């Protein structure tokens, strides 16, 4: 049985050009593989701005860090990569490796700014009531980016021998991912410092209780490149890492953006350094955190809530076209939350 549904949202038809979008879609109301949801809140992250400034631009609905509600009143979010569900990769739960995958907010899969979305059931995550009852829903948009930091910290612990002894850590980049990694590593009693070039972000890091490394300070055991998909002004993150690390490892590229290094990986490995190349959150990490939240997740959300005025901006959906501009690519805050209700 087919029915018609009017949809409304904002689509980015040209770089930073958000326009009102209306259409009538026809869908199978009894399609057991999909579920409809309405966007409540979503966030703008660095990769959104990167897409808008890319040499190849494709129109899209923005927003993959989000919280929605189903017609049954369930509060949900979703994995970013939507696999076909049939190939060997998808059967292993590794949708990001699927050759036929869609990426939420990057094409035909839609995005949170569409406001009414149709989602593959296998990719949605129902958020545990222990989270929705304690925290404002806008804060739970941070579950998806937080999984990236959790995954990287977990990889560090699993891949680095004698991890507990490598207590001096430098994080390059004070964005949201760097901040959360810094918080998680600091909670493990490690000594964390930041390399950040943007004055407003440096100031905010200090307000949040973190230290800024001196320009000539080195001898770090582990250096993490959390500069995301763009270089830090005045330096390349990889080069910064190679000049700072002392003995253990360099975790390079928490986002997709990686500059060609001046120092070859082989040279680093010949000097006893371990180089790791994480690519965002591991499969189903989001579901694990949202469905069975560990105590450390509550601690992190409490930290974000306590410091929300420093970390977040909250704007209304109607104000988004005026906010989302090329001139505002590095806001003073680390995330802009869009209120859609």
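Considering only residues that are more than 19 Å from residue 311 (Cβ to Cβ) and out of contact with any helix residue (DSSP H, G or I) (no Cβ under 6 Å at 6 or more places or on another chain), look in the stretch 165-187 and name the one that is surrounded by the most Cβ atoms within 10 Å (Cβ to Cβ).
So the residue we want is 168.
Can you tell me which residue is surrounded by the most Cβ atoms within 10 Å (Cβ to Cβ) among those in the stretch 188-197 that are assigned to a strand (DSSP E or B) and out of contact with any helix residue (DSSP H, G or I) (no Cβ under 7 Å at 6 or more places or on another chain)? Steps first, please.
Taking the stretch 188-197 as the starting set, the residues that turn out to be assigned to a strand (DSSP E or B) are 191-195.
Checking which are out of contact with any helix residue (DSSP H, G or I) (no Cβ under 7 Å at 6 or more places or on another chain) leaves us with 191, 193.
Values: 191: 13, 193: 18.
Among residues in the stretch 188-197 that are assigned to a strand (DSSP E or B) and out of contact with any helix residue (DSSP H, G or I) (no Cβ under 7 Å at 6 or more places or on another chain), the one surrounded by the most Cβ atoms within 10 Å (Cβ to Cβ) is 193.
Name the one entry in 105, 118 that is in the same structural domain as residue 13 (by TED's automatic domain parsing), buried (at least 19 other Cβ atoms within 10 Å of the Cβ) and touching a residue at least 24 places away in the same chain (Cβ under 8 Å). Working first, answer last.
Numbers: 118 fails: buried (at least 19 other Cβ atoms within 10 Å of the Cβ).
Only one candidate passes the filter, namely 105.
Within the stretch 304-312, is even one residue surrounded by 15 or more Cβ atoms within 10 Å (Cβ to Cβ), within 21 Å of the chain's Cα centre (by Cα), at pLDDT 95 or above and more than 21 Å from residue 176 (Cα to Cα)?
Among the residues of the stretch 304-312, not one is surrounded by 15 or more Cβ atoms within 10 Å (Cβ to Cβ), within 21 Å of the chain's Cα centre (by Cα), at pLDDT 95 or above and more than 21 Å from residue 176 (Cα to Cα), which makes the answer no.
Considering only residues that are part of a helix (DSSP H, G or I), without any contact (Cβ under 8 Å) to a residue 60 or more places away in the chain and closer than 15 Å to residue 292 by Cα, which ones fall in the stretch 121-154?
If the condition is that a residue be part of a helix (DSSP H, G or I), without any contact (Cβ under 8 Å) to a residue 60 or more places away in the chain and closer than 15 Å to residue 292 by Cα, then 129, 132 are the ones that fit.
The values are calculated or read from the model by the stated rules, or taken from the named source; none is laboratory data. The model shown is predicted, which means the values in this text are computed figures rather than measured ones. Counting neighbours? That spans all protein chains shown, and the Cβs are built from the backbone with ideal geometry, glycine included.
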